[in-house]
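In what follows, a single structure is set out as structure tokens and then discussed.
The values are calculated or read from the model by the stated rules, or taken from the named source; none is laboratory data. The structure displayed is predicted, hence computed values, not measured ones. In this analysis, Cβ positions are derived from the backbone assuming ideal geometry, glycine residues included, and neighbour counts consider all displayed protein chains.
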Amino acid sequence: MPKAKSAKKASKKKTSKKSTKRSNPEIPEMGEDELKRLQRNRSKGARGGGGDWWVPEIGDNRFRPIPFLHNGEPHVLVEQVTHFNVRSDGPISCRGEECAICALYDEVDKKIWDSIKASTKYLCNALVVVDGVEKQVKARLPKTVYDEIMNRIDPDDDEYVPNVLSMKKGRWWKISKIKTGPKPMNVKYKCVPLGQVSAATAQSDPVDMVAMLRDPIDVDMEQEIANDLSI
Ligand SMILES: [Zn+2]
């Protein structure tokens, strides 16, 4: 039986009869001030998440990040820090410096630590090309991709590329996912903006990724889990 939804009033916008033509939402162009703000806020993001996410496939992936608005301000990538394998009903969000699971580093043996240590990913809206067709997705990406994008929007970085995130005259990116060994985690990523400047069109309103982050669980419950793990 599906979980009962909280009796929240549906905040869905009332849409008048949709025409068959898909509306192309206007994504705000980001100015220099906004890009500077993204740089300032670099790596300050939060935790959580869930649902269906696109991740790069082995080989070359065509990818174009789409900015979204949170409280009226544009964002691109949101940090998500999660602990897996600590609870049977799913991962929990890391509380950062106060996190009881992270505090187990010296308490548990390396094998356990490797399975429970925080995993950091970056969430964003993006256009990707799947089987030759452009598709809008929610993407979950490794830090390498995050760093490449942040480097290219930083005017003080050697790798700065003007307008790289612009929807009107920005770039597609190539994410290469390369196997480095037999295990699933034996991969490395390369991410570069492609040379050709082009306009892109979002297919639907980008998701507010900040709002999607899951809150950390209750402090006492987190401590209890940590105690169980350290036995
Ligand atoms: Zn943690």
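Please work out if Asp60 is away from the ligand (no atom under 14 Å from the Cβ), surrounded by fewer than 16 Cβ atoms within 10 Å (Cβ to Cβ), of a type outside the set (Ser, Thr, Tyr) and assigned to a loop (DSSP other than H, G, I, E, B). Don't jump to the end; show me each part of the working.
Details: away from the ligand (no atom under 14 Å from the Cβ): yes; surrounded by fewer than 16 Cβ atoms within 10 Å (Cβ to Cβ): yes; of a type outside the set (Ser, Thr, Tyr): yes; assigned to a loop (DSSP other than H, G, I, E, B): no.
No, not satisfied.
Quick one: how many residues across the stretch 174-186 are within 22 Å of Leu77 (Cβ to Cβ) and modelled with pLDDT of 95 or more? Before you say what the answer is, go through the steps one by one.
As a first pass, look at the stretch 174-186 and keep what is within 22 Å of Leu77 (Cβ to Cβ): 174-178, 185.
After this cut, where a residue has to be modelled with pLDDT of 95 or more as well, the list is 174-178.
Within the stretch 174-186, residues that are within 22 Å of Leu77 (Cβ to Cβ) and modelled with pLDDT of 95 or more number 5.
In the stretch 82-132, what count of residues is obtained for those that are charged (D, E, K, R), within 15 Å of the ligand (Cβ to nearest atom) and under 24 Å from Tyr189 (Cα atoms)?
So the first thing to find is which residues in the stretch 82-132 are charged (D, E, K, R), and the list is 87, 89, 95, 97-98, 106-107, 109-111, 114, 117, 121, 131.
Next, only the ones that are within 15 Å of the ligand (Cβ to nearest atom) stay: 87, 95, 97-98, 106-107, 114, 117, 121.
Restricting the remaining residues to those that are under 24 Å from Tyr189 (Cα atoms) gives 114, 117, 121.
Going through the stretch 82-132 one residue at a time, the tally reaches 3.
Exactly one of these conditions fails for Ser176: (1) surrounded by 14 or more Cβ atoms within 10 Å (Cβ to Cβ); (2) closer than 27 Å to Pro25 by Cβ; (3) of a type in the set (Gly, Ala, Ser). Give me its number.
(2)
Where residues in the stretch 133-142 are surrounded by 14 or more Cβ atoms within 10 Å (Cβ to Cβ) and among the basic types (Lys, Arg), which of them is farthest from the ligand (Cβ to nearest atom)?
So the residue we want is Lys138.
Name the residues in the stretch 129-144 that are without any contact (Cβ under 8 Å) to a residue 60 or more places away in the chain and either under 18 Å from Asp208 (Cβ atoms) or hydrophobic (A, V, I, L, M, F, W, C) (or both), would you?
Val130, Val133
So Ala211 ticks every box in (1) under 23 Å from the mean Cα position of the chain (by Cα); (2) surrounded by 12 or more Cβ atoms within 10 Å (Cβ to Cβ); (3) of a type outside the set (Asp, Glu); (4) within 30 Å of Ile27 (Cβ to Cβ) but one. Which box is left unticked?
(2)
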